[in-house]
Amino acid sequence: MITTERQYRITKAAAERFAQALAHEEQGAHLDPRLRHAMREGLESELEILREQLAEYEALRSGRIAVLELDSLTALPDALIRARIAGGLTQKELATRLGLKEQQIQRYEATRYAGVSLERVQAVAEALGVKIHERVILPSASGS
């Protein structure tokens, strides 16, 4: 997942290099056809992943995504990061809203909020202005 403008620029440049490599793939004509095929598939696969990441970041940034679906609480950290991006906030701006240093937000996001208290997660959600609606599905009673 792309989380910053810097990562976006780096990913975009990498995608361009992969696209150029694919365009010039015929230079490997001296290689075994199976090896060429494997190399081409590898380049295409990596380019597809990069393009998907770029498209998601651009969609978030432009406001084309309004709802993020959570299938578990483990998806919440990524949703908070996506919400920051969708809100047009940098890590520094979120840190300012929370009264923290930018490096703290960088650590939170790099570790996907591992070890962060529930209170801090709630404060981040409030600073982002997001509402979280999660259902708790109880297990069915067994044999009682």
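The values are calculated or read from the model by the stated rules, or taken from the named source; none is laboratory data. Values in this document were obtained by computation on a predicted structure and should not be read as measured data. When we count neighbours, we look across all protein chains shown, and the Cβ atoms used for this are built from the backbone with ideal geometry, even at glycine. Calculation scope for accessible area: heavy atoms of the full protein, side chains included, ligands and nucleic acids excluded. Shrake-Rupley method; radii C 1.70, N 1.55, O 1.52, S 1.80 Å.
Computed quantities for the displayed model
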quantity: Candidates Ile81, Ile137, Ile85, filtered to the one that is modelled with pLDDT under 95 and of a type in the set (A, V, I, L, M); calculated: Ile137
quantity: Test result for Ser62, loosely packed, with under 11 Cβ neighbours inside 10 Å and farther than 21 Å from Ile2 by Cβ; calculated: no
quantity: Residues located in region 65-93, provided they are open to solvent by 30 Å² or more (accessible area, probe 1.4 Å), among the basic types (Lys, Arg) and under 14 Å from Ala125 (Cα atoms); calculated: Arg82
quantity: Lone qualifier among Glu25, Glu41 - being more than 25 Å from the chain's Cα centre (by Cα) and either surrounded by 14 or more Cβ atoms within 10 Å (Cβ to Cβ) or charged (D, E, K, R) (or both); calculated: Glu25
quantity: So Arg107, is it out of contact with any Asp or Glu (no Cβ under 6 Å at 6 or more places or on another chain), open to solvent by 90 Å² or more (accessible area, probe 1.4 Å) and assigned to a helix (DSSP H, G or I); calculated: yes
